[in-house]
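What follows is a single structure, written as structure tokens, with notes after it.
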Amino acid sequence: AGGIPVKQKDDKKEITALEDVIAYMNAHYREIRSMEEIVSACFISKSYLCSAFKEHYEMTVMEYLRKLRIRHACEFLATSDKPLSLIAQKMGFSDLSHFTRVFKKEMGMSPNEYRIRQKIKRYESKPQRDD
């Protein structure tokens, strides 16, 4: 689910519940503000979700949400010239400084640096004409 490996376990109900949570998060990553929203929408207890998610995905629910938002932000940064503040808002971050901090921690560079590197990669991958 979402390219993240799932540990093998016999409990099919648990895996189905977690897949439902992942599907919900993938569909609503922009507007999710808290764990309470997730557990309410997915009809699952918070303590159960936290422990089962960590066991299967080896990260917390909120870590997954953060990584999901950053992955989508990377796509936006690579393919648009929209302002960083708008991208941060679209990805569900409260403000630009929070987005920049999280992005840098996750990707090892600022969003702007990432965008520049992606533009350079695109330019270098275009066939060059000899006139």
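The values are calculated or read from the model by the stated rules, or taken from the named source; none is laboratory data. Worth saying up front: this structure is predicted, and the values here are computed from it rather than measured. Here the Cβ positions follow ideal geometry from the backbone for every residue, glycine too, while neighbour counts run over all protein chains shown. Protein only, heavy atoms only, side chains kept; ligands, DNA and RNA dropped before computing areas. Shrake-Rupley method; radii C 1.70, N 1.55, O 1.52, S 1.80 Å.
Summary of values
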item: In the range 1-32, the residues that are open to solvent by 40 Å² or more (accessible area, probe 1.4 Å) and at pLDDT 80 or above; result: T16, E19, D20, A23, Y24, N26, A27, H28, R30, E31
item: Members of the range 86-131 that are among the acidic types (D, E) and closer than 22 Å to H28 by Cα; result: D95, E106
item: Among (1) outside any helix (DSSP H, G or I); (2) aliphatic (A, V, I, L, M); (3) within 14 Å of the chain's Cα centre (by Cα), the one test that M109 misses; result: (3)
item: Test for Y48: is it over 25 Å from M107 (Cα atoms), touching a helix residue (DSSP H, G or I) at 6+ places or on another chain (Cβ under 9 Å) and either part of a helix (DSSP H, G or I) or open to solvent by 10 Å² or more (accessible area, probe 1.4 Å) (or both); result: yes
item: Selected residue [among the basic types (K, R), out of contact with any strand residue (DSSP E or B) (no Cβ under 7 Å at 6 or more places or on another chain) and under 16 Å from A73 (Cβ atoms)] from K105, K121; result: K105
item: Residue that is farthest from R71 (Cα to Cα) [pool: residues in the range 108-131 that are open to solvent by less than 60 Å² (accessible area, probe 1.4 Å) and of a type in the set (S, T, Y)]; result: S110
item: Answer residue from the range 76-109, given it is modelled with pLDDT under 95 and acidic (D, E) and is nearest to K119 (Cα to Cα) among those; result: D81
item: Where a residue in the range 91-108 is touching a residue at least 24 places away in the same chain (Cβ under 8 Å) and its partner, wherever it lies, is of a type in the set (G, A, S), with Cβ under 6 Å and at least six apart; result: M91/A73; F99/A88
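Yes/no matrix, rows are residues, columns are (1) surrounded by fewer than 13 Cβ atoms within 10 Å (Cβ to Cβ); (2) among the charged types (D, E, K, R):
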| position | (1), (2) |
| --- | --- |
| S34 | yes, no |
| V39 | no, no |
| P83 | yes, no |
| E106 | no, yes |
